[in-house]
Ligand code: PMP
């Protein structure tokens, strides 16, 4: 055995047996695969941001500006009294910190399935048991199954994506309340798609201290910047804060995040446009024979077709990249997830889809 093999054998077997999180290449394609906001800032604002970033002292570790960003995000989100906020390098990192925070022998993480894949991946990498509870066929929460699984497994941590990815729907608030009441541990409401939804979980957090609200600036319009945040009872968040690498959010991220919040009305207008486009795309999909779209409160629409693999490849050949989520879960058989883009991108998507169905 050579030295490299010896080193590889020191790594975890479960790590070596898995594949890295796949990121599709989108070069030259209309990119409607990962729920990015398609709009950029105006040239004037982009230039102003460039000047702001150019003045940042990158020789220093981040401190003041990340604190400023945390305060600005708390104000933006309407953080309730008695709560605290912590920042992640995207909410992906916060999911990792949450797994670390509950990681001890026998601890269980629970989430409905299908939902955001990182909950399960992160739990498994922390040596936690993950329990997935299938949704109903219409992607609504199976409340009875959730309550039974909570009683059986006593999860330390429950994730509820609100709205859910990849299904796009926002689960019944009454069911969520009852799940929170039954939960013996933390309940994270993952509000990545909050800018596009009608409801949010801040009231639930105010009512119950085991609830944490997790949000991200990614879908807001800063996916490339990587800023996620977690708000909850100060006593809980301060414990999670201990696990946060002290300089996880760079000064450039912090400056860009602050700039975006200073121009929050620009992003609010973009979210409004995307919500209107979502309804237009949904209606157009409904009118297409052989396509079954599902209602969405996110910046994406899930749609079932006869042969998702074939339709996905045919659309890609026509220059449009979406995501085939069929293999994620049996409930998603032949389902495609389509991110809402600009009106032109959506028109290109609908034309490509029409041609790809025949
Ligand atoms: N939560 C949900 C529900 C998501 O869909 C995503 C990204 N697709 C994330 C969290 C992670 O977002 P980010 O790391 O970009 O903040």
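For the reader, a short list of remarks on this structure follows.
- Some residue of region 179-197 being in contact (Cβ under 8 Å) with a residue 60 or more places away in the chain, assigned to a helix (DSSP H, G or I) and within 14 Å of the chain's Cα centre (by Cα): yes
- Within region 78-102, being out of contact with any strand residue (DSSP E or B) (no Cβ under 6 Å at 6 or more places or on another chain), closer than 18 Å to residue 238 by Cβ and away from the ligand (no atom under 14 Å from the Cβ) holds for 80, 81, 82, 84, 100, 101.
Rundown of residues vs (1) in contact with a helix residue (DSSP H, G or I) (Cβ under 6 Å, 6 or more places away or on another chain); (2) in a helix (DSSP H, G or I), yes/no style:
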| site | (1), (2) |
| --- | --- |
| 80 | yes, no |
| 86 | yes, no |
| 95 | yes, yes |
| 99 | yes, yes |
| 105 | no, no |
| 109 | yes, no |
| 112 | no, no |
| 115 | no, no |
| 119 | no, yes |
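- Test result for residue 125, modelled with pLDDT under 95 and either on the phi < 0 side of the Ramachandran plot or assigned by TED's automatic domain parsing to the domain that holds residue 93 (or both): yes
- Residue selected from region 103-117 under the condition within 16 Å of the ligand (Cβ to nearest atom) and in contact with a strand residue (DSSP E or B) (Cβ under 9 Å, 6 or more places away or on another chain), by the criterion farthest from residue 171 (Cα to Cα): 109
- When region 159-175 is filtered for residues that are over 13 Å from residue 201 (Cβ atoms) and in a strand (DSSP E or B), nothing remains.
- Hits in region 198-208 (condition: in a loop (DSSP other than H, G, I, E, B), touching a helix residue (DSSP H, G or I) at 6+ places or on another chain (Cβ under 7 Å) and closer than 24 Å to residue 35 by Cβ): 199, 200
- Residue check, residue 70 in a helix (DSSP H, G or I), within 23 Å of the chain's Cα centre (by Cα) and in contact (Cβ under 8 Å) with a residue 40 or more places away in the chain: yes
- Checked across region 19-36, the condition of being away from the ligand (no atom under 16 Å from the Cβ), surrounded by fewer than 10 Cβ atoms within 10 Å (Cβ to Cβ), touching a residue at least 12 places away in the same chain (Cβ under 8 Å) and not in a loop (DSSP other than H, G, I, E, B) holds for no residue.
The values are calculated or read from the model by the stated rules, or taken from the named source; none is laboratory data. Since we're looking at a predicted model, the values are computed, not measured. Neighbour counts are summed over all protein chains in view; Cβ atoms, including those assigned to glycine, are modelled from backbone coordinates with ideal geometry.
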